[in-house]
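Single-structure report; data block below.
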Amino acid sequence: MTALLDVHDLRVRFHSDDGVVPAVNGVSFSLEAGETVALVGESGSGKSVTSLAIMRLTPRSGCEVGGKILFRDGVERSDLLALPVEAMRAVRGNRISMIFQEPMTSLNPVKTVGEQIAEAILCHRAISRAAALDRAAELLDLVGIPEPRKRLENYPHHMSGGMRQRAMIAMALSCEPALLIADEPTTALDVTVQAQILELLKRLQERTGMAVVFITHNLGVVAEIADRVMVMYAGRIVEQAEVRDLFARPRMPYTRGLLRSVPNLVPGRGRRRFEAVPGNVPDPMHLPKGCSFHPRCQHFLPGLCDAALPALDVTEDGHLARCVRWREVASVEA
Amino acid sequence: MSDLAAALPAAREKPRRSRALRRFLRHRLAILGAIVIAVLVLGTAFGPHLIPYDDLHIDIRHRFQAPFLGPHILGSDQLGRDLLARLLMAGRVSLTVGFSAMALSTVFGTLIGATAGYYGGWLGTVLMRFVDAVLCFPTIFLLLALAAFVQPSVLSITLVVAATAWMEVARVVEGQVRALRDRDFALAAQVLGASDTWIVFRELLPNAIAPIVVAATLNVARAILLESYVSFLGYGIQPPVPSWGNMLENAQEYLSTAPWLAIFPGLAITLAVTSFNFLGDGLRDALDPRLDIA
Amino acid sequence: MTRYLVHRIGQNLLLLWIVSLISFAVLHLAPGGPLAQFALVPGLTQADLARIAHEMGLDRPLPVQYWEWFSRVLRGDWGRSYRDSQPVLSVIGSHLFATFELMITSTLVAVILGSWIGVIGAIRRYSVFDYLATVGAMIALSIPTFWFGLVVIYLFSVTLGWLPAGNLYTIGNGSFFDYLHHLIAPAMVLGLVTVAIWSRYMRASMLEVINQDFVRTARAKGLSERRVLFGHAVRNALLPMITIAGLQLPTLLSGALVAETVFTWPGMGRLFLDSIGYRDYPMVMGILMFSAVLVLLGNLLADLGYALADPRIRLT
């Protein structure tokens, strides 16, 4: 059974007056049906742009997208980047949906919630408006919003941030997509609400069997929700593994740095040192030669790490890392 | 779009290729405007000495001469006066009124706005409500009402035009001063014991100079236009003193027989006003790109 | 919504009061003041003038005079015209239709044409169309309206004979189409400025909306670009335009005056000009204040309209 989503060498470049900004530099990965993959990285790593590229929501002018994104819809596979515009619209919101970070501003303030959800349904299904509104109420109930029928008439400003995000999720799920892309959906929410939304997403996924690409910079969330993790840095994937494997055996120094940057708030329990990764994310227009992380890496070896871009090495079964010195790093840190 | 913004750390504040092109073009328009203004100023100042005809010279034998068809380049009017000469002399008046009215209205508007913005409180509110109330009167109605009450002369018309043009400047200045008042450098000056006047004039206003300059430039355009309106309607600059506005008023009568009498003064006004508008727009763009929403 | 409206009404009432103060001040500052009408009457001695002044209450303290004048104004007594002793308000009233006809037509044209230009300009930002539209708008705003009127008359009436050179309707005719025929030229002249202003504001509003998150969400739902732009973007961009429309009233009235002058249109603007010519002070002051009141009322209507249109205000 071929993968649901197969991304081959995705490249996204933006044209600005100062030159070309390579936001995504050859990202490849695949996703099986029902899987949850977390895309982790700091701001500027290219994770959001990757997701926008999959949806073909990148700006139309000044932006170049290259590569192949193969999506399996039922039996057929098609390259999303090569689809004609109309065909892509039929995919968006229907077979692949996306939810965004800011529930406050992601909904149209002058239309009712019910109207907006119904619109998403009517766009892809030939049913009556009344039926669409019924379905919208069902969906609001599904995402745990009390008094769903009443909520249909509400405007977004009547709802709290958490409720709005639930409504966004309802809207995204309205046509039963095979893939949901969640771009930092909980980052703008309170911690307790965050947990609720994650719980909801897990529940919905079990119920519908859809695959999820979850974008975040929060490793705690990753541990909660992901099956597999991909770490991105400077527009490339630098490590890929099953979630437990990644946390137990991070191979790439950047990943190790990320994990160590999470403060350990439980006192006395095998206290690790809190370490920040020194330096800053590189300017995408002036990426360091060779491995993009080498200026900040404590395992940097001149002549080796800055010579050529490392390929993704297989470290264990299902575990890839983009580091030429991963074996030495593993033995040092052990 | 926070995610895209994060993806373009270096490119974010830099305009894309086409926007830079557009900014350059706009600058070109602004430069064009500046050149035209310079030409107009020089032309009206020195032109009358360079052309063969005097604007007052009446030559009944050559009245209503169409442009380019005789000795008068732009034609002549009902009294045989050379149109070009009259245009240039009228330009002196119109441009003078424009600049002076701008100067007066900018100074007055800045004073009111700075006072309101700096002191705030009830004084600020009263002043700004007053400005709002004056803005309720349609400009031309106010202009005419005031102009009708005074003896028309270049000075009085300048004052009247200035009286209807200061409000926008006051608003702009009030906003700027109010925003800058609480900034650290102003507070520092206060702590050092600087007087209010010092703070306003030496600390705050210099930082607000950009929008004031833009407003002032656009105000010249406005003033020229307003002078033309009030003179056209008969309550502005009175003949025999020529202004572009009263030349148009004169031309109305002969519209069907000698349309050039109306076309050229109108073109002159449009040219002057457009140039100042282009210049002001270009300045706004150049001095503070954040103000550029167009 | 009530709180918003009460606040807006309060603000406007305050402005109305200040407007009345300004009007009163201008009235008394006019050369000769309220006694000017008598300056031309022969045979009046100083004693006579003093007596008249007393009868008119002009020797009372200014605040008292203001109060009496203001109460009269509130009751609808705005004085009488010097020309024909008709009550000022009723004379103004009889000229309102012509002015409103012009203003409303011009606004409609501005909204339709200006919105279209502004929206397309925003969608195709920096294109040739956008560049021409922007530069065109700036030039349009620099052209003296009355000059444009003369050009239009010369072109369409004198040369081509397509349109009448003025007046509300042709005597002897008076059909709906006749009115329309006469309306075209002045509306076009007034429309030059209104379309230019509206298109610029619409473009700015549209640009702001297009970059908002919810537009991206609409696209992510799979909606057609047309639906995204018109069902979501334009709809939201039109909202602040309601307020802008209100703010454009003074400009619209000024432009109407000029258009009425050039086209001998029997509206309030022309009445104003004529009254100045006749030194008919009560009329001049009356119209001046009336225009300000119109502006305030218009703004209030715009505020109300905005409150109703924006659910964030309507339902709070």
In terms of the ratio Rg/(2.2 N^0.38 Å) built on C-alpha atoms, what value belongs to the stretch A:150-191?
1.27
When you look at the Cβ of every residue in C:248-261, what mean number of other chain Cβ atoms sits within 10 Å?
4
Step by step: find N for the stretch A:104-260, compute 2.2 N^0.38 Å, then divide the Cα radius of gyration by it. What's the final number?
1.17
Neighbour-count ranking [beta-carbon atoms within 10 angstrom, fewest first] of C:162, B:122
B:122, C:162
The answer for the per residue Cα convex hull volume of the stretch C:186-316, in Å³, is 112
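Which order do peptides B:181-187, A:325-331 fall in by mean Cβ count within 10 Å, highest first?
With the highest mean Cβ count within 10 Å placed first, the list reads A:325-331, B:181-187.
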What order do you get for A:188-194, C:150-156 when each peptide is scored by the mean count of other beta carbon atoms within 10 Å, highest first?
C:150-156, A:188-194
Please enumerate, by chain and number, the lysines with C-alpha under 27 Å from the C-alpha of residue C:221, excluding those fewer than 8 residues away in the same chain.
A:47, A:68, A:111, A:150, A:202
Please state the charge dipole magnitude for chain A, taken about the Cα centre, from unit charges on C-beta atoms (+1 on K and R, -1 on D and E), reported in debye and rounded to the nearest 20.
340
Cα-Cα pairs above 17 Å in the stretch B:65-113: how many percent?
53
Mean residue ellipticity (222 nm) of chain B, computed from DSSP H runs ≥ 4 via -39,500 (n - 2.57), nearest 500
-23000 deg cm²/dmol
Helix-only estimate, please: 222 nm mean residue ellipticity of chain C, summing -39500 (n - 2.57) across DSSP H runs of length 4 or more and dividing by its residues, to the nearest 500.
-23000 deg cm²/dmol
Spread of Cα-to-Cα distances over 5 Å intervals beginning at zero, given as percent, for the stretch C:128-169:
6, 21, 17, 16, 15, 15, 8, 2, 0
Over the Cα atoms, compute the radius of gyration (one decimal) and Dmax (the largest Cα-Cα distance, rounded to a whole number) for the stretch B:93-176, in Å.
13.4, 42
For the stretch A:71-168, state the semi-axes of the equivalent ellipsoid (square roots of 5 times the eigenvalues of the alpha-carbon gyration tensor), sorted largest first and rounded to whole angstrom.
27, 16, 12
Calculate the mean, over all residues of peptide A:50-63, of how many other protein chain Cβ atoms lie within 10 angstrom of the residue's Cβ.
3
Label point distance in nm, residue C:83-residue A:227, each placed 7 Å from Cα along Cα→Cβ
8.7
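Averaged over its residues, how many other protein chain Cβ atoms are within 10 Å of peptide A:105-113's Cβ atoms?
Mean shielding count: 6.
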Counting all C-alpha pairs of the stretch C:179-256, share separated by more than 18 Å (%)
53
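Give me the mean projected area, in nm² to one decimal, of the convex hull enclosing the Cα positions of the stretch A:181-242.
Values: hull surface 17.8 nm².
Approximately 4.4 nm², given one-decimal rounding.
Could you state the orientation-averaged shadow area of the convex hull built on the Cα atoms of the stretch C:76-199, in nm² to one decimal?
Hull-based average projected area comes out at 10.7 nm².
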Please give, to one decimal in nm, the separation of the simple spin-label points placed at residue C:235 and residue B:78, each 7 Å out from Cα toward the Cβ.
6.0
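Considering all projection directions equally, how large on average is the shadow of the alpha-carbon convex hull of the stretch A:182-334, in square nanometres?
Its Cα hull, projected and averaged over all orientations, spans 10.6 nm².
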Given all pairs of different Cα atoms, what value in angstroms does the Kirkwood hydrodynamic radius of the stretch B:120-221 take?
15.6
What does the highest-first list of A:247-255, B:83-91 look like by mean Cβ count within 10 Å?
B:83-91, A:247-255
For the protein assembly as shown, compute Rh as the Kirkwood radius over C-alpha pairs and then the Stokes-Einstein diffusion coefficient at 25 °C and 0.890 mPa s; write the answer in µm²/s, rounded to an integer.
75
I need to check one value: relative contact order of chain C, counting alpha carbon pairs closer than 8 Å and at least 6 residues apart, in percent.
27
If I take all pairs of Cα atoms in chain C, what percentage of them are more than 37 Å from each other?
32
Put in order of increasing Cβ neighbours within 10 Å, starting from the fewest, A:127, B:60, B:199 give B:60, A:127, B:199
Would you mind listing how long the stretch B:155-294 runs along its three principal axes, going by Cα atoms, in whole Å with the largest first?
71, 33, 16
Mean separation of Cα contacts under 8 Å, 6 or more apart, over the residue count of chain B: relative contact order %:
23
Determine the equivalent ellipsoid of chain B by diagonalising the alpha-carbon gyration tensor, then write out the semi-axes as square roots of 5 times the eigenvalues, largest first, rounded to whole Å.
42, 25, 15
Name the long-range amide H neighbours of residue A:24: under 5 Å, sequence gap of 5 or more, or other chain; modelled H, no Pro or chain starts.
A:12
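Work the Kirkwood hydrodynamic radius out for the stretch C:260-304: mean of 1/r over every pair of different alpha-carbon atoms, inverted, in Å.
Mean inverse Cα-Cα distance, inverted, gives 11.4 Å.
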Under a crude label model (7 Å from the Cα following the beta-carbon direction), how far is residue C:113 from residue B:190 in nanometres?
5.1
Scattering profile of the stretch A:22-132 from the Debye formula, Cα beads only, expressed as log10 I(q)/I(0) at q = 0.13, 0.14, 0.20 Å⁻¹, is -0.64, -0.74, -1.33
Using only Cα atoms, figure out Rg for the stretch B:50-132 and give it as a multiple of 2.2 N^0.38 Å.
1.96
Provide the convex hull volume over Cα atoms per residue for chain A, in Å³.
151
Cα centre as origin, Lys/Arg/Asp/Glu Cβ charges: the stretch B:165-204 dipole, Debye:
20
A correct fewest-to-most ranking of A:150, A:111 by other Cβ atoms within 10 Å would be A:150, A:111
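FYI, it's all coordinate maths here, none of it is from the lab. Just so it is clear, the model here is predicted, and its values are computed rather than measured. All Cβ positions, even for glycine, are placed from backbone atoms using ideal geometry, and neighbour counts span all protein chains on display.
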